[in-house]
Amino acid sequence: MTTISATYSPEDNKLRLYASSRLDAETFQRVKEAGFKWAPKQELFVAPAWSCAREDLALELAGEIEPEEMTLAERAQMKADRLDGIADKRAAQASAFSRAADELSQAFYMGQPILVGHHSERKARKTQERMHSAMDKASKAHKAIGYWHFRAESVERHANRKNDPRVRARRIEKLLAELRDLQRGINSAHKALELWEKMQTAEQITAFLGHGASLARYGLWGDVESGKLDAFEAKAAVMDGCRQIIEGPNRARCISHTLNRLSYEREMLGEVPRFAGEITQTLLQMFVRAHGADKPKGAKVDADLFTVECEAPLPLHIGDGKALELSGDEWRDLMQSCGYVPPAKKPAKPPILNFKAKSGKVSVQNSYRREADELPQVELTKAEYAAIYSEQRGTRLSTCGEYRVRIAPNPKHEGPRYQAGWAAIFITDQKQHEIPEALRQTEAAQ
């Protein structure tokens, strides 16, 4: 009797079936149709990725799914050893063919020619063909050595890359995107149900069937319009479909599976630190949106109480209902349990200074030519500057990198040809700053 065991590996998200003997035709066909492929070197069936159907089949055949004992690194090492063994065989073949070619070449020692018309001509030409064939085979086998060694190194590199922290972090981002896609379908179904509850007349139902937010199948509006289907029957069918999206087991299993994979990947990166910074409405919106919440809006109720409201119910691993109200510490605990790490703040840009240079010129870094430009300084009012350019666009870093100045088209067209179109702007009716130390020293040196 054939016994089957099933395993799952979170490292590569694959299901594997181990059979004690050859499967019968019916079971083999079911395994094949589910997407499992036979791996002859490993003597097992492997699925390229987890799915609900494949998990159900594995549970039916094996009774339970156990964790995969062999790690990705161990499996990669076994494959690399196997490929290195093939390279060694090719090396032995190359040596054997080379020796055979050398032995056959003795018939032409010291440049012995083929004697045309002599009784030895036929044998000599046959020997020459065998020698050339051995040389070609030796050359091909020698080239194959490098190919199989390269394959072995690629397998090891791939395994190491999968365990690289940066690759793992990108994999977490991809899993979060998959989680949002799954949750987005549930959010759309919730909102569609709310809209369908408001449709009471046949005219309203028919009009709403043609809207994308109704989640009605293609062609349903035409069936109602032509009289093939009653409007209220179409409404009931669409609402049943929306409830199936929300309450269906497969989507819930996919979300649970994705959350489990996220937990594994985060655990491999290390313990998730507890956020110790300030809780803000924006931070909470970013947190719940990353896990699939629909258009969240954060608010501060009092000194240490914050709430988040969404247009659709929150993901079940975040909260129950459309709103969630927690204290600051409770929000920190929830973020840590979900593995959420707030993004680091970007370093602040140098301030834009409004100063008047004594020399009438400002040294500005040219981002295109990567060298300093001595731009003339032009005095403008706020209104004049706004008429030329917007408030923030056109600013560039100065040569010292400690400040920025406003750059705009030069209305006076002063300076050399390549600088004639640009000038450093001094706003006369705005707060004036001190001249930067770097520019002060440059002017003093001049």
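The values are calculated or read from the model by the stated rules, or taken from the named source; none is laboratory data. All values derive from a computational prediction rather than experimental measurement. All Cβ positions, even for glycine, are placed from backbone atoms using ideal geometry, and neighbour counts span all protein chains on display. Surface accessibility is based on the protein's heavy atoms, side chains included, excluding ligands, DNA and RNA. Shrake-Rupley method; radii C 1.70, N 1.55, O 1.52, S 1.80 Å.
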Output ³J(HN,Hα) for the range 315-328: one whole-Hz value per residue in order, computed from phi by the Karplus curve 6.51 cos²θ - 1.76 cosθ + 1.60 with θ = phi - 60°, and x for Gly and Pro.
x, 5, 7, 9, x, 10, x, 8, 9, 9, 10, 9, 7, x
Highest-fluctuation residue, Ala49, Ala25, Ala94 considered, GNM on the chain with Cα pairs under 10 Å
Ala25
Using only the alpha-carbon atoms, what does the range 236-304 span along each of its principal axes? Please give whole angstrom values in decreasing order.
48, 36, 14
In the set (1) 56; (2) 76; (3) 51, which value of percent of Cα pairs over 27 Å apart was calculated from the structure you see?
(2)
How big is the C-alpha Rg of the range 1-76 next to the rule-of-thumb value 2.2 N^0.38 Å, as a ratio?
1.01
Other-chain or far-sequence residues with amide H under 5 Å of Lys14's (modelled H):
Ser9
So which lysines pass the test for Lys41, namely a Cα distance under 20 Å, with those fewer than 8 places away in the same chain ruled out?
Lys14, Lys32, Lys79, Lys89
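Excluding ligands, DNA and RNA, what is the solvent-accessible area per residue of the range 224-349 at a probe of 1.4 Å, expressed in Å²?
So the range 224-349 comes to 58 Å² accessible per residue, rounded to a whole number.
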Average accessible surface area per residue within the range 82-134, 1.4 Å rolling probe, Å²:
73
List, in order, the whole-Hz ³J(HN,Hα) value for each residue of the range 64-80 obtained from phi through the Karplus relation with A = 6.51, B = -1.76, C = 1.60 and θ = phi - 60°; use x for Gly and Pro.
7, 10, 9, x, 5, 6, 7, 7, 4, 5, 5, 5, 5, 5, 5, 5, 5
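Using the alpha carbons of the range 55-214, what is the convex hull volume per residue in cubic angstrom, as a whole number?
321
Using unit Cβ charges (K, R positive; D, E negative) and no other charged atoms, how large, in debye to the nearest 20, is the dipole of the chain about its Cα centre? List each step's numbers first, then the result.
Values: 67 positive and 63 negative charges, 491 e Å.
In total the dipole reaches around 2360 debye.
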Taking only the alpha-carbon atoms of the range 1-140, what semi-axes of the equivalent ellipsoid follow from 5 times the gyration tensor eigenvalues under a square root, in whole Å, largest first?
56, 17, 11
Rounded to the nearest percent, how much of the accessible area of the chain (1.4 Å probe, protein heavy atoms only) is carbon and sulfur?
52
Can you order the peptides 344-356, 249-261 by their average number of other Cβ atoms within 10 Å per residue, highest first?
249-261, 344-356
Along its three principal axes, how long is the range 82-122 when you only count alpha carbons? Whole Å, largest extent first please.
52, 19, 9
Over the range 269-400, what is the mean sequence separation of C-alpha contacts under 8 Å (at least six apart), divided by residue count, expressed as relative contact order in percent?
17
Average projection area in nm² (convex hull over Cα atoms of the range 245-403, one quarter of hull surface)
16.0
Give the separation of the Cα centroids, the range 22-99 to the range 166-207, in Å.
38
From the C-alpha gyration tensor of the range 310-388, pull out the three semi-axes of the equivalent ellipsoid (sqrt of 5λ each), sorted largest to smallest, in whole Å.
52, 18, 13
